[in-house]
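**Student:** Here's a structure for you.
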Amino acid sequence: MKVAVIGGGLAGCAAAYILKKAGAEPVVFESSSTLASGASGNELGMYNPRFSAQRTPQSDFFSAAFSKALRVFRELGDSIDWHACGALHLVVDEKKAQRYPQTVENWGWEREHMRMVDAREASEIAGVPLDYEALYLPEAGVVSPRKLCGRYVEGVEVRLDKRPESLEVLRDNFDAVIVACGYNAGTYLDGLALGQVRGQVTQVRGHDLSSAVRCNLCYGGYFTPAFEDGVHVVGATFQRWLNHSDILEEDDRDNLNKLAAVVPGLVSGLEIVGQRASVRTTTKDHFPVVGRVDGLENVYVSCGHGSHGILSSLMGAQLLCDMICDAPRSLPRPTIEALSLSRFTQREQTSINRL
Ligand SMILES: Cc1cc2nc3c(=O)[nH]c(=O)nc-3n(C[C@H](O)[C@H](O)[C@H](O)COP(=O)(O)OP(=O)(O)OC[C@H]3O[C@@H](n4cnc5c(N)ncnc54)[C@H](O)[C@@H]3O)c2cc1C
């Protein structure tokens, strides 16, 4: 089974990885001269579910994606800069104070995987004093999206500097086509209604206090421990009104100010040593679009991964592989429906019909 994959970011590379393991022959088409040239090019990213107060088809997706990612990262080994250092999601406002305990209650994960901790325990886990209780995920952590893309496509044919003109040529030459090229998915498919949100991460060299930080601190922004290179990542800005990847000095200030607001002691003495900016692709309901494209035989899509693409690209890849290889689905039906492109197109159709 030959499968053309348009896009060499996390979504396309993860699809190629899962398909190859299932015995298919994926070929990745990437329009730029390197893989991971878009949102997936960060040196380090956090893998976290997107939290909701209730258990929903969307939370079932992220639960499945989290355990899938742990299995795959273990398989790929340490060449992807994987550190399961844990993550403390600090209760920094009233909304989180309401939502996080409900998440823990309603998602139903075992205590060993997810629990609330008070400020004293959070401080012990973090290695630095914290004033907040937190939702704690001991197995969350960081991984390199850029390196993941490289590892996912080992042994896969990759055609760089190749932007397929249209789906038609690919459909003539392949058994299936996956559109996984971020915002540009809209140039091949109708009805996606994608949005763009620019973001920048700041890399900082640490000091004595910051080197004590043992797990990710998340508070709207985030701060990672410093690993072998002594560098922390402070993230990330969100600008719906921008879609360029130029570096902005004010974004570094924003990232550090957000950190200073929750752990003031950490910021002074941090030295900025790098940045990366890029553009996330989002959808109207902040959930990715993954699945078969109705009305276009053998065409599939995986895009709109927003700010949780490390997890969602991988679980999305598994679902597409199930569909393409006609294997039992790895996700429940309501989740597959929540991911489908038809959730937008049918809604639009319905509203047109009502007019
Ligand atoms: C600042 C920032 C911080 C982030 N932090 C995190 C984090 O900590 N954790 C997390 O999970 N996620 C994070 N994200 C989000 C995550 O990076 C994205 O969700 C993910 O990279 C999306 O992957 P993608 O493959 O869909 O898109 P992209 O990585 O943008 O890949 C699309 C690829 O398609 C190629 N392409 C475009 N058009 C064509 C075409 N016509 N033909 C062929 N190729 C084409 C592009 O060149 C690109 O390589 C962050 C994003 C940003 C911007």
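The values are calculated or read from the model by the stated rules, or taken from the named source; none is laboratory data. Note that the coordinates shown come from a computational prediction; the quantities given were computed from them, not determined experimentally. As a convention, Cβ positions derive from the backbone with ideal geometry for all residues, glycine included, and neighbour counts pool all protein chains shown. These area figures cover heavy atoms from the full protein model, side chains too; ligands, DNA and RNA do not enter into them. Shrake-Rupley method; radii C 1.70, N 1.55, O 1.52, S 1.80 Å.
**Student:** Go through 26-35, 73-82 and give me the packing order, highest mean Cβ count within 10 Å leading. Before the final figure, lay out each step's value.
**Tutor:** On the way: 26-35: 19.5, 73-82: 14.6.
Ranking the peptides 26-35, 73-82 by packing returns 26-35, 73-82.
**Student:** To continue, here is another question. Using Cα atoms only, what is the angle between the long axis of helix 94-107 and the major principal axis of the chain, expressed in degrees (0 to 90) to the nearest 10?
**Tutor:** 60 degrees
**Student:** Send over the Kirkwood Rh of the stretch 89-169, from the inverse of the averaged 1/r over different Cα pairs, rounded to one decimal Å.
**Tutor:** Details: mean 1/r = 0.0614 Å⁻¹.
Across the stretch 89-169, the inverse of the average 1/r is 16.3 Å.
**Student:** Roughly how many debye, to the nearest 20, is the charge dipole of the stretch 107-231 about its Cα centre, given +1 on each Lys and Arg Cβ, -1 on each Asp and Glu Cβ, and no other charges? Don't jump to the answer; show the numbers that get you there.
**Tutor:** On the way: 13 positive and 19 negative charges, 65 e Å.
Using Cβ point charges on Lys, Arg, Asp and Glu, the stretch 107-231 gives about 320 debye.
**Student:** Within the stretch 195-282, what whole-number % of the accessible surface is contributed by carbon and sulfur, with the 1.4 Å probe and all protein chains included in the calculation? It would help to have the intermediate numbers written out before the result.
**Tutor:** Details: 1910 of 3890 Å².
Carbon and sulfur: 49 percent of the exposed surface of the stretch 195-282.
**Student:** Tell me the net charge near Leu76. Cut-off is 11 Å between Cβ atoms, Leu76 excluded, with +1 for each Lys or Arg and -1 for each Asp or Glu.
**Tutor:** Details: positive: Arg71, Arg74, Lys147, Arg151; negative: Glu75, Asp78, Asp81, Glu154.
With Lys, Arg at +1 and Asp, Glu at -1, the net is 0.
**Student:** Show which aspartates and glutamates lie in cross-link reach of Lys2 when reach means a straight Cα distance below 12 angstrom and same-chain residues fewer than eight apart are skipped.
**Tutor:** By straight Cα distance, Lys2 reaches Glu25, Glu157, Asp172, Asp175.
**Student:** Among DSSP bridges having both ends in the chain, what percentage is antiparallel? Round to the nearest 5. The partial results should precede the final answer.
**Tutor:** On the way: 35 of 53 bridges.
Antiparallel bridges: around 65 percent, rounded to the nearest 5.
**Student:** Hey, if you drop one equal point scatterer on each alpha-carbon of the stretch 160-216 and run the Debye formula without solvent, what base-10 log of I(q)/I(0) do you get at q = 0.12, 0.25, 0.26, 0.31 Å⁻¹?
**Tutor:** -0.56, -1.13, -1.17, -1.31
**Student:** Given Cβ point charges of +1 (Lys, Arg) and -1 (Asp, Glu) and nothing else, what value in debye, to the nearest 20, does the dipole of the stretch 195-282 about its Cα centre take? Before the final figure, lay out the partial values.
**Tutor:** Details: 8 positive and 10 negative charges, 74 e Å.
That gives a dipole near 360 debye.
**Student:** Of all the C-alpha pairs in the stretch 195-282, what % are more than 16 Å from each other? Provide the component values of the computation, followed by the final result.
**Tutor:** Numbers: 1902 of 3828 pairs.
In whole percent, the share of Cα-Cα pairs in the stretch 195-282 beyond 16 Å is 50.
**Student:** To the nearest 0.05, what FRET efficiency results for Lys284 and Asp190 with a Förster distance of 22 Å applied to their C-beta separation?
**Tutor:** About 0.90, to the nearest 0.05.
**Student:** Next question. Give me the 1.4 Å probe accessible area per residue for the chain, excluding ligands and nucleic acids, in Å². Show your work: numbers first, answer last.
**Tutor:** Numbers: 15670 Å² over 355 residues.
Counting only protein heavy atoms, the per-residue value for the chain is 44 Å².
**Student:** Is there a pair in Lys95/Lys284; Lys68/Lys95; Lys20/Lys96; Lys20/Lys95; Lys21/Lys258 whose C-alpha atoms are over 32 Å apart, and which pairs would that be? Please report the intermediate quantities before stating the final value.
**Tutor:** Numbers: Lys95/Lys284 21 Å; Lys68/Lys95 29 Å; Lys20/Lys96 40 Å; Lys20/Lys95 43 Å; Lys21/Lys258 42 Å.
Exceeds cut-off: Lys20/Lys96; Lys20/Lys95; Lys21/Lys258.
**Student:** Report, in deg cm²/dmol and to the nearest 500, the calculated mean residue ellipticity at 222 nm for the chain, where each DSSP H run with n ≥ 4 adds -39500 (n - 2.57) and the sum is divided by the residue count. Could the numbers behind the result be given before it?
**Tutor:** Details: 11 runs with 123 residues, N = 355.
One gets -10500 deg cm²/dmol as the mean residue ellipticity at 222 nm.
**Student:** What spacing in nm lies between the two simple spin-label points modelled at Lys2 and Trp241, each 7 Å away from Cα in the Cβ direction?
**Tutor:** About 4.9 nm separates the two model spin labels.
**Student:** Sticking with this structure for a sec: Could you work out how far the C-alpha centroid of the stretch 220-278 sits from that of the stretch 102-130, in angstrom?
**Tutor:** 24 Å
**Student:** Just how large is the dipole of the chain about the Cα centre, in debye to the nearest 20, putting +1 at every Lys and Arg Cβ and -1 at every Asp and Glu Cβ?
**Tutor:** Values: 36 positive and 43 negative charges, 135 e Å.
For the chain, the charge dipole is close to 640 debye.
**Student:** Which of Val142, Val273, Val293 moves the most in a Gaussian network model of the chain with Cα springs under 10 Å?
**Tutor:** Its mean-square fluctuation being the largest, the pick is Val273.
**Student:** Let a ≥ b ≥ c be the square roots of the eigenvalues of the Cα gyration tensor of the stretch 280-353; is it rounded (a/c under 1.5), or, if not, prolate (a/b larger than b/c) or oblate?
**Tutor:** Judged from the Cα gyration tensor, the stretch 280-353 comes out oblate (a/c at least 1.5, b/c at or above a/b).
**Student:** If packing is taken as the mean number of other Cβ atoms within 10 Å per residue, what is the order of 109-116, 89-96, highest first? Kindly include the intermediate steps, with their values, before the conclusion.
**Tutor:** Numbers: 109-116: 14.1, 89-96: 17.6.
Averaged packing, sorted descending, gives the order 89-96, 109-116.
**Student:** Between Arg214 and Ile272, how high is the FRET efficiency from 1/(1 + (r/R0)^6) when r is the Cβ-Cβ distance and R₀ = 25 Å? Nearest 0.05. Spell out each step's value before the answer.
**Tutor:** Numbers: r = 22 Å, r/R0 = 0.89.
Between Arg214 and Ile272 the formula returns 0.65.
**Student:** Follow-up. Mind checking which of Gly235, Gly155, Gly45 has the largest fluctuation in a GNM of the chain, springs on alpha carbons under 10 Å?
**Tutor:** Result: Gly155 has the largest fluctuation of those listed.
**Student:** From the C-alpha coordinates alone, can you work out the Kirkwood hydrodynamic radius of the chain, in Å? Could the numbers behind the result be given before it?
**Tutor:** On the way: mean 1/r = 0.0480 Å⁻¹.
Across the chain, the inverse of the average 1/r is 20.8 Å.
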